[in-house]
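First the structure, in the form of structure tokens, and then the observations on it.
The values are calculated or read from the model by the stated rules, or taken from the named source; none is laboratory data. None of the values given here were measured: they were computed from a predicted structure. For neighbour counting, all protein chains shown are included, and Cβ atoms are generated from backbone atoms with ideal geometry for every residue, glycine included.
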Amino acid sequence: MVQRANTPLPGTEEPVCSICIANYNGVGVIEDCLNSVFAQDCDFPFEVIVHDDASSDGSADIVRDHYPNVTLIASNENVGFCVSNNRMAAAARGKYILLLNNDAALFPDALRTLCAYAEAHPAAGILGLPQYNAATGSLIDIGSLSDLFLNPVPNLDAERRDVAMVSGACLWIPIALWEELGGFPEWFHTLAEDAYLCFCARLKGYSVRALGSSGFRHWVGKSLGGGIVTAQNRLTTSRKRRALSERNKNFVIVLTYPIPLFQFVFPLHLTLLFFEGLLLSLLKWDARLLQSIYLACFYALWQERHRLAKSRREIQGSRRIQLGAWLSVFCFWPRKLTMLLRHGLPEIR
């Protein structure tokens, strides 16, 4: 069910930007997110689209009752982050779309900063902003580099523009590029879809850039639980989040890594992943970790092998970037090893 807003904001012209907010049980965060959008200091019209993914906490009613200028797409069933964003993009009327998490809040000049850069650099592809921890105010990243196994490595250099990926919590992309890339793969459901989009854009020769000014606040881990560092300096995550993350990262590697990088990295990654799951299960004395996260990842790769092979041929056939340029945003030290040395074994709930 789609409930249309009366007019784009501000003004009555066609929107320059469509802000797309995927919401699921966001009763504690959606108002902060929307208030930050409507407080934007910009002189161009934009529209706001919220896709509610069958929330059970009344957050859809908050949007419906208190934000009449929002276009609300209310789903009768939970379809996941990828389908939610694809539906909003299909309804968008702007030249650009901004994908925004319901647990993220924009700085007042965020839209103006993104639009000014995009208009001044017509060839720019995907853009992102500095990401700050909403709980502590500390800088999380200005986009991310990547290790060879697709683990994001936070970029903290405000002067560096080209990165491997920007967070899907606040991702700006021209609607024409979104359509060229085909949006998010709906079979991903949730997680690593931002890496997929950024890596596909780079394969086609488009830039992925993180701007060093403005920014957004993000309640990291609110939606799926975990993925955060606790006050005790321990990395904590949920079983569901870890399983989806490992599965989808493998999907992205299969689909986007050019040969010969793929031929080297993928078998090495699978080997390391198996031993990681085995050791983690032994050290925590919990065989379910190996089964529900790591072996489930291998099973998913086998189950999706035909779709992955077909999609890889299509994606690699459009490659326009040289291997050296592709590798320029990679770090060769494994990110998981850094996190292990810094925080110890992760807590998986």
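Summary table
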| read-out | value |
| --- | --- |
| Condition broken by Y132, with the remaining ones in (1) without any contact (Cβ under 8 Å) to a residue 60 or more places away in the chain; (2) over 12 Å from the mean Cα position of the chain (by Cα); (3) buried (at least 19 other Cβ atoms within 10 Å of the Cβ) satisfied | (1) |
| Extreme residue, nearest to G168 (Cα to Cα), among residues of the stretch 53-73 that are touching a helix residue (DSSP H, G or I) at 6+ places or on another chain (Cβ under 9 Å) and surrounded by fewer than 18 Cβ atoms within 10 Å (Cβ to Cβ) | A54 |
| Matching residues in the stretch 327-341 - criterion: being aliphatic (A, V, I, L, M) and in contact (Cβ under 8 Å) with a residue 40 or more places away in the chain | L327, V329, M339 |
| Close pairs (6 angstrom Cβ cut-off, 6 or more residues apart or separate chains): touching a residue at least 24 places away in the same chain (Cβ under 8 Å) in the stretch 190-210, crowded, with 24+ Cβ neighbours inside 10 Å and of a type in the set (F, W, Y) anywhere | T190/F81; E193/F184 |
| Lone qualifier among G344, G317, G277, G324 - being in contact (Cβ under 8 Å) with a residue 60 or more places away in the chain and not hydroxyl-bearing (S, T, Y) | G344 |
| R349 vs. criteria within 22 Å of F188 (Cβ to Cβ) and surrounded by fewer than 15 Cβ atoms within 10 Å (Cβ to Cβ) | no |
| Extreme residue, farthest from E180 (Cα to Cα), among residues of the stretch 304-313 that are surrounded by 11 or more Cβ atoms within 10 Å (Cβ to Cβ) and free of Cβ contacts under 8 Å to residues at least 24 places away in the same chain | R305 |
| L139, sole failed condition from (1) modelled with pLDDT of 95 or more; (2) surrounded by fewer than 17 Cβ atoms within 10 Å (Cβ to Cβ); (3) more than 20 Å from L100 (Cα to Cα) | (3) |
| Residue under evaluation Y206, criteria (1) buried (at least 21 other Cβ atoms within 10 Å of the Cβ); (2) more than 14 Å from the chain's Cα centre (by Cα); (3) in a helix (DSSP H, G or I), criterion not met | (3) |
| Residue count for the stretch 114-172, restricted to those that are under 19 Å from A325 (Cβ atoms), part of a loop (DSSP other than H, G, I, E, B) and out of contact with any Gly (no Cβ under 7 Å at 6 or more places or on another chain) | 10 |
| Test for I321: is it of a type in the set (A, V, I, L, M) and part of a loop (DSSP other than H, G, I, E, B) | yes |
| Only listed residue being within 19 Å of H189 (Cβ to Cβ) and of a type in the set (A, V, I, L, M), chosen from L290, L270, L301, L283 | L301 |
| Residue that is farthest from V16 (Cα to Cα), among those in the stretch 36-70 that are among the hydroxyl-bearing types (S, T, Y) and within 22 Å of the chain's Cα centre (by Cα) | S55 |
| Some residue of the stretch 242-249 being farther than 30 Å from R161 by Cα, in a helix (DSSP H, G or I) and touching a residue at least 40 places away in the same chain (Cβ under 8 Å) | yes |
| Sole residue being touching a Leu at 6+ places or on another chain (Cβ under 9 Å), assigned by TED's automatic domain parsing to the domain that holds R307 and over 23 Å from Y196 (Cβ atoms), chosen from L283, L268 | L283 |
| Meets criteria (surrounded by 15 or more Cβ atoms within 10 Å (Cβ to Cβ) and touching a helix residue (DSSP H, G or I) at 6+ places or on another chain (Cβ under 8 Å)) for L273 | yes |
| Complete set of residues in the stretch 255-269 that are aliphatic (A, V, I, L, M), part of a helix (DSSP H, G or I) and either at positive phi or surrounded by fewer than 15 Cβ atoms within 10 Å (Cβ to Cβ) (or both) | L268 |
| 2 or more residues within 24 Å of A210 (Cβ to Cβ): qualifying helices (runs of 4 or more DSSP H) within the stretch 11-105 | 30-38, 81-91 |
| Residue among L345, L323, L295 that is out of contact with any Cys (no Cβ under 9 Å at 6 or more places or on another chain) and modelled with pLDDT of 95 or more | L295 |
